[in-house]
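Report on the following structure.
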């Protein structure tokens with residue numbers, strides 16, 4: 001009987017819900033004149049010139065005519081232990097952005113228009129537009145970097161859909177039967193970029209805002225410098241053919257010394273590949289002709305599934321990984337807790353598959369390059385002679401860094417990938433189209449990861465994602481139509497490089513302004529300037 005009573009008592013105690021008690025925000029009690037003085041949203045309200053837990057929507061906005069913010073009580077029923085004279089337990093509540101259409105304000109209309117313009121410029125250049133969108137969301141909309149960056153990714157995703165649709169029907173400027181998108185190169189560059197986004201998104205949740213902004217300005221300044229160097233090399237008087245030559249790096253110009261160097265590099269690389277064996281009974285010329293036909297068939301395919309499927313496989317791996325790991329926005333579908341051994345295993349183990357795909361695609365490009373040389377197939381202007389160093393070491397490392405920048409800093413991977421492809425000698429229109437195609441995968445993957453991590457504004461979050469993705473889509477269509485008209489009218493592919501340089505340079509300036517304002521405010525208000533945990537928040 002006593003055992004039965006004890007079991008019953010334990011069962012009753014276990015059934016009593018436990019109350020989660022949390023410490024107040026570190027800015028609690030600090031002096032303030034407006035809500036911005038209490039840190040980024042979601043956060044404290046400015047009540048009677050002190051940062052405090054909010055009780056009403058008006059405390060979050062400061063006046064009855066401002067509907068941009070609302071006071072939200074934590075859904076998990078958490079309580080806050082107030083310090084000092086107010087020592088008591090109160091429900092955890094915080095100010096956060098309103099839902100997208102509750103109501104739709106003039107500021108929302110302005111933000112939508114600016115997102116449209118930024119995405120149009122990003123689409124025209126192949127840069128994605130993140131370097132413009134992030135400062136726009138910070139300066140014009142008032143979002144903090146941790147919300148502005150996910151918002152930029154959702155907008156870029158919408159623009160990438162429109163850009164891919166537009167580029168899908170375009171042809172290579174020198175090979176009218178080839179698509180303008182280099183699908184094989186995209187298959188090599190995108191897997192390591194997606195690997196980088198995983199670490200970039202994690203770093204975004206742990207790095208302090210001042211460091212994120214500093215890194216973003218540094219990267220954009222460097223990329224602007226490199227792209228402006230490219231612009232300087234463009235001949236303003238060049239015709240289509242001459243323009244192509246000056247757009248190629250000096251190391252890739254068709255000089256006798258360059259041809260000898262390329263031939264030397266090819267011979268060294270060919271020796272490291274398996275030998276080509278032709279059947280003894282088969283005519284060698286016919287075999288080489290067959291090889292040329294197969295190469296043309298692959299290059300002229302409008303949508304080569306063999307080259308695109310690895311990209312979908314990589315995206316699916318990221319998608320499944322996000323669902324199993326979960327985050328602050330969406331819990332793990334299998335109940336895995338953040339920071340556990342299983343969590344980190346799910347983070348790292350799938351990367352081996354993406355690394356394998358990168359290796360396979362790099363080898364494919366090397367094999368194809370050898371077959372083109374051996375069979376005397378034509379290398380169109382901008383085609384690269386791929387070697388082990390280029391295809392399987394240097395370029396994947398560059399793309400990994402681009403992926404980190406995409407997830408951490410909110411810029412489209414294309415803002416880093418486009419200048420890289422120009423350095424390798426690809427034509428501007430090809431690099432722009434290929435970068436935009438890859439941005440479709442990068443931005444969708446990072447948008448998904450941010451959504452799972454719960455890093456979008458508002459309580460619903462999905463309304464912001466869908467609306468600004470739509471603005472990005474419309475801006476992307478507009479940008480493609482405009483740049484297509486200008487290219488057709490003036491027949492100058494260098495225009496794409498000029499737009500790219502303008503977008504990156506403007507982004508660096510805008511982010512410098514936003515970064516300066518945020519750092520000054522954080523220092524003056526004593527906001528925590530250190531790192532936070534991956535699983536915090």
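The values are calculated or read from the model by the stated rules, or taken from the named source; none is laboratory data. These numbers were taken from a predicted model, which means no experiment stands behind them. Positions of Cβ are generated from backbone atoms using ideal geometry, with glycine treated the same way; all protein chains shown enter the neighbour counts.
Key figures
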{"quantity": "Tally of residues being outside any loop (DSSP other than H, G, I, E, B), more than 26 Å from residue 364 (Cβ to Cβ) and modelled with pLDDT under 70 across the range 248-290", "calculated": "3"}
{"quantity": "Filter result for residue 198 (on the phi < 0 side of the Ramachandran plot and surrounded by 24 or more Cβ atoms within 10 Å (Cβ to Cβ))", "calculated": "yes"}
{"quantity": "Selected residue (criterion: farthest from residue 311 (Cα to Cα)) from residues of the range 174-189 that are assigned to a loop (DSSP other than H, G, I, E, B) and touching a helix residue (DSSP H, G or I) at 6+ places or on another chain (Cβ under 7 Å)", "calculated": "177"}
{"quantity": "Qualifying residue in the range 414-425 (condition: in a helix (DSSP H, G or I), at pLDDT 85 or above and touching a helix residue (DSSP H, G or I) at 6+ places or on another chain (Cβ under 8 Å))", "calculated": "yes"}
{"quantity": "Residue that is modelled with the highest pLDDT, among those in the range 135-181 that are more than 14 Å from residue 457 (Cβ to Cβ) and under 12 Å from the mean Cα position of the chain (by Cα)", "calculated": "157"}
{"quantity": "Residue 332 vs. criteria in the same structural domain as residue 442 (by TED's automatic domain parsing) and assigned to a loop (DSSP other than H, G, I, E, B)", "calculated": "yes"}
{"quantity": "Scan of the range 426-456 for residues that are closer than 23 Å to residue 319 by Cβ and not in a helix (DSSP H, G or I), ordered by number", "calculated": "454, 455, 456"}
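Residue-by-condition table, conditions (1) closer than 21 Å to residue 201 by Cα; (2) surrounded by fewer than 20 Cβ atoms within 10 Å (Cβ to Cβ); (3) modelled with pLDDT of 75 or more:
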residue: 462; (1), (2), (3): yes, yes, yes
residue: 481; (1), (2), (3): no, yes, yes
residue: 503; (1), (2), (3): no, no, yes
residue: 528; (1), (2), (3): yes, yes, no
residue: 532; (1), (2), (3): yes, yes, no
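Okay, residues lined up against (1) under 19 Å from residue 298 (Cα atoms); (2) in a helix (DSSP H, G or I); (3) under 27 Å from the mean Cα position of the chain (by Cα); (4) touching a residue at least 60 places away in the same chain (Cβ under 8 Å):
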site	(1), (2), (3), (4)
316	no, yes, yes, no
321	no, yes, yes, yes
324	no, yes, yes, no
352	no, yes, yes, no
370	yes, yes, no, yes
373	yes, yes, no, yes
